[in-house]
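First comes the structure, then the notes that go with it.
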Amino acid sequence: MRVPQTQPFVPVILGGDIGTYSLAREFHEAYGAVSVAVPAASNGVLEHSVAIDVRPAGTMVDDDAVVAHLQEIARDLTAGGANPRPLLLCGSLDLQVMLLARRRADLEQWYTIPYVPLEKMEQAALKQNFYDLCAELGVPHPRTLAVDMAAHAAGDWQVPEELPFPLIGKPADSSAWVHAKFPGKQKVHTLDGPAELADLLERISGSGYREAFILQELVPGGDTNMRLCTFFSGGDGLVRFAAYGEVVVEEHAPLVLGNSAGIVTAVEPEVIAQGRRILDHLGWTGFAMFDAKLDPRDGIVKFFELNPRLGRNHYYLTAAGRNAARFYVREYLGGEYDAGARPGGEPDSGAWLSEGLAGAEGLEGIEVLRTQWLYTVLPLPLLRRHARGPVGSKALRLMTEKKVSNPLLYKAERHPRRLVYLALNALNQFRKFRQFPPRQA
C-alpha cells in the first residue's frame with residue numbers, strides 16, 4: 001500500500017517486528033494513515049497490509065546507510081509540496097531509537113523525532129546507569145554488578161568471590177550487543193556458577209563487545225511474575241499517562257526470549273508512582289516502558305530496565321482503549337492533525353483515573369489506564385494451555401468475556417496473502433511453544 005499524496009502527515013517507522021506493525025495499525029485505526037515501515041528486509045508481518053508501505057533499508061547496523069535511506073524516503077514523501085507535510089520518525093527497538101538519537105542532526109531537517117536527546121537516553125537506558133538511578137531514588141531493583149568488558153579484555157578484571165549464583169547476565173547496551181557475535185549468544189544468559197560465568201565472559205570479550213555487561217541476582221518466579229509499565233510524559237517533562245500490565249506468558253524461543261506473548265492490564269499504584277519518580281527526575285519526554293518482576297520472596301516489584309520507547313507489545317494500551325499513536329500526534333504534530341482522528345474508542349480523560357487513585361501519593365495529575373483487557377499474540381487455544389496462577393485466571397475470564405485483542409488480527413486487513421501469513425504464523429506459534437515451553441517457576 002503506497003502512501004496517498006493527500007495524506008496530511010506520514011508516520012515513518014524504523015523496524016520490522018510486531019511492534020512496528022502495531023504502531024502502523026494504530027495510526028491507521030486512528031487516522032486512516034498509511035505508515036512507511038523501514039525494516040532491514042521485508043517480512044510477512046509487514047507485507048500486504050492496508051496500513052503499511054514497506055521500504056527496506058537493507059541493513060539496521062550501518063548507520064550511514066540507514067540515514068541515507070531515511071533521507072531518500074523523506075525527499076520522496078515531501079516532493080512537490082510548497083508546504084511539505086510533516087513526517088514523524090519512530091523506532092521499534094533500542095538499536096533503532098539510539099540511532100535516531102545519535103543522528104538527529106542529519107534527520108531533523110525532514111523529520112519530527114519524538115525521543116529525548118542521546119545524553120538523557122544513555123543516562124537511563126544504559127543498564128548500569130539505570131540501576132545507579134534506582135539506588136539514588138530508592139526504587140526497588142535486583143542486586144547488580146557491572147562488568148567492565150574493556151578491563152576484562154585487557155586482563156584487568158577478575159570474577160569476584162561469593163557472587164550470589166544463579167545470576168542473570170545481560171548487556172548494559174543492547175544496541176551495541178547487536179554487533180557482538182559469539183557461540184551461544186542469547187538475549188539474556190542464566191549463569192549457575194563461576195566457571196560458567198568465566199567462560200561466557202571470555203566469549204563476549206572475543207566478540208569485541210566492550211560496553212558493560214550486567215550481572216544480576218536471579219529473581220525467582222515464572223512468567224506470570226513479570227510486569228511492565230508504560231508512561232507518556234509531555235514536553236514539560238511531567239508524566240501525564242501510565243498503564244500497567246501483568247504478563248500471562250512469555251516467548252522462550254532464543255530470538256524472542258523474554259517477549260511478552262500475553263498481557264493482562266491492571267493497576268498497581270505503588271509501581272506507577274515509582275516509575276513516575278524516575279521519569280520526573282530525568283525530565284523525560286515522550287514514551288518510556290519499564291520491565292519489572294514481582295519478587296515472591298518479599299512481594300515487591302523490582303525494576304529491571306527502562307526502554308526509551310514504546311515496547312514491542314505496547315498494543316495492550318490500544319487494546320484497552322488508549323491509542324498510542326494519538327499521543328504522538330497530539331504532542332509532536334499538534335491538535336490540527338489530531339482533529340482528523342476517527343471518532344470513538346477513547347472516553348473522556350476523567351474516566352481513566354481509577355476510583356481511589358485520585359488522592360494516591362505519587363499519582364496526582366496522571367491518567368491511569370484502568371480498563372481490564374487481555375492482549376495476546378498467540379492463538380487463544382495456545383494461550384489457554386499456558387494460562388497459570390492468578391494472572392492466568394484473569395486471562396481466562398477476559399477470554400470468556402471476549403475482552404481480548406491480538407494486534408495482528410485487524411479487520412481492515414483483507415489481502416489473501418496476508419490471511420495466509422496469519423494462518424501460518426498461528427501454526428508456527430504452536431511449534432515454537434512445543435519446542436521452547438514457558439518456565440512455570
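The values are calculated or read from the model by the stated rules, or taken from the named source; none is laboratory data. As the structure is a computational prediction, the values presented were derived from the model and not from experiment. Here the Cβ is made from the backbone with ideal geometry for all residues, glycine too, and neighbour counts use every protein chain on show. The protein model used for the area step is the full one, side chains on, heavy atoms only, and it has no ligands, DNA or RNA in it. Shrake-Rupley method; radii C 1.70, N 1.55, O 1.52, S 1.80 Å.
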Residues in segment 397-421 that are free of Cβ contacts under 8 Å to residues at least 24 places away in the same chain, over 22 Å from the mean Cα position of the chain (by Cα) and either in a loop (DSSP other than H, G, I, E, B) or surrounded by 11 or more Cβ atoms within 10 Å (Cβ to Cβ) (or both): how many?
-> 6
Residue, nearest to A176 (Cα to Cα), within segment 249-268, restricted to residues that are in a strand (DSSP E or B) and touching a Phe, Trp or Tyr at 6+ places or on another chain (Cβ under 9 Å) = S260
Picking from A124, A150, A135, which residue would you name as being crowded, with 16+ Cβ neighbours inside 10 Å, small (G, A, S) and either assigned to a strand (DSSP E or B) or on the phi < 0 side of the Ramachandran plot (or both)?
-> A124
Is it true that some residue in segment 111-123 is more than 25 Å from R277 (Cα to Cα) and touching a residue at least 12 places away in the same chain (Cβ under 8 Å)?
-> yes
Test G350 against the stated conditions and say whether it is more than 23 Å from R397 (Cβ to Cβ), assigned to a loop (DSSP other than H, G, I, E, B) and at pLDDT below 95.
-> no
Please find, within segment 1-30, the residue that is nearest to H314 (Cα to Cα) out of those that are assigned to a loop (DSSP other than H, G, I, E, B) and among the β-branched types (V, I, T).
-> V3
Selection from segment 164-175 of residues that are more than 17 Å from the chain's Cα centre (by Cα) and among the aliphatic types (A, V, I, L, M) | L167, I168
All but one of (1) within 22 Å of E250 (Cβ to Cβ); (2) at pLDDT 90 or above; (3) in contact with a helix residue (DSSP H, G or I) (Cβ under 7 Å, 6 or more places away or on another chain) hold for V147, so report the exception by its number.
-> (1)
Does P114 qualify as being part of a loop (DSSP other than H, G, I, E, B), under 27 Å from L23 (Cα atoms), open to solvent by less than 50 Å² (accessible area, probe 1.4 Å) and at pLDDT 95 or above?
-> yes
Output the residues belonging to segment 186-198 that are within 28 Å of the chain's Cα centre (by Cα) and open to solvent by 70 Å² or more (accessible area, probe 1.4 Å).
-> Q186, K187, T190
Lone unmet requirement of (1) in contact with a His (Cβ under 8 Å, 6 or more places away or on another chain); (2) closer than 21 Å to N129 by Cα for S205 = (2)
How many of the residues in segment 369-386 are more than 18 Å from A243 (Cα to Cα) and either surrounded by fewer than 21 Cβ atoms within 10 Å (Cβ to Cβ) or modelled with pLDDT under 95 (or both)?
-> 7
List the pairs whose first member sits in segment 383-396 and is touching a residue at least 60 places away in the same chain (Cβ under 8 Å) and within 22 Å of N428 (Cβ to Cβ), whose second member is open to solvent by 20 Å² or more (accessible area, probe 1.4 Å) and part of a helix (DSSP H, G or I), and whose Cβ atoms are under 7 Å apart, counting only residues at least 6 apart or on separate chains?
-> A387/L396
What pairs can you find where one residue is in segment 152-180 and under 15 Å from A198 (Cβ atoms), the other is open to solvent by 50 Å² or more (accessible area, probe 1.4 Å) and at pLDDT below 85, and their Cβ atoms are less than 9 Å apart, with a gap of 6+ or different chains?
-> H152/Q158
Confirm whether D53 is of a type in the set (D, E) and either in a strand (DSSP E or B) or surrounded by 16 or more Cβ atoms within 10 Å (Cβ to Cβ) (or both).
-> yes
Taking segment 328-347, which residues are open to solvent by less than 20 Å² (accessible area, probe 1.4 Å) and in contact with a strand residue (DSSP E or B) (Cβ under 7 Å, 6 or more places away or on another chain)?
-> Y328
Would you please list the contacts, defined by Cβ atoms under 6 Å and residues six or more apart or on different chains, that run from a residue in segment 28-52 that is within 19 Å of Q96 (Cβ to Cβ) to a residue that is among the polar types (S, T, N, Q) and not in a strand (DSSP E or B)?
-> A37/T20; A40/T59
Out of P140, P164, report the one residue that is assigned to a loop (DSSP other than H, G, I, E, B), open to solvent by 50 Å² or more (accessible area, probe 1.4 Å), farther than 13 Å from I214 by Cα and not aliphatic (A, V, I, L, M).
-> P164
When every residue in segment 236-251 that is open to solvent by 30 Å² or more (accessible area, probe 1.4 Å) and not basic (K, R) is compared, the one farthest from V301 (Cα to Cα) is D236
In this structure, does L77 turn out to be assigned to a helix (DSSP H, G or I) and either in contact with a strand residue (DSSP E or B) (Cβ under 7 Å, 6 or more places away or on another chain) or at positive phi (or both)?
-> yes
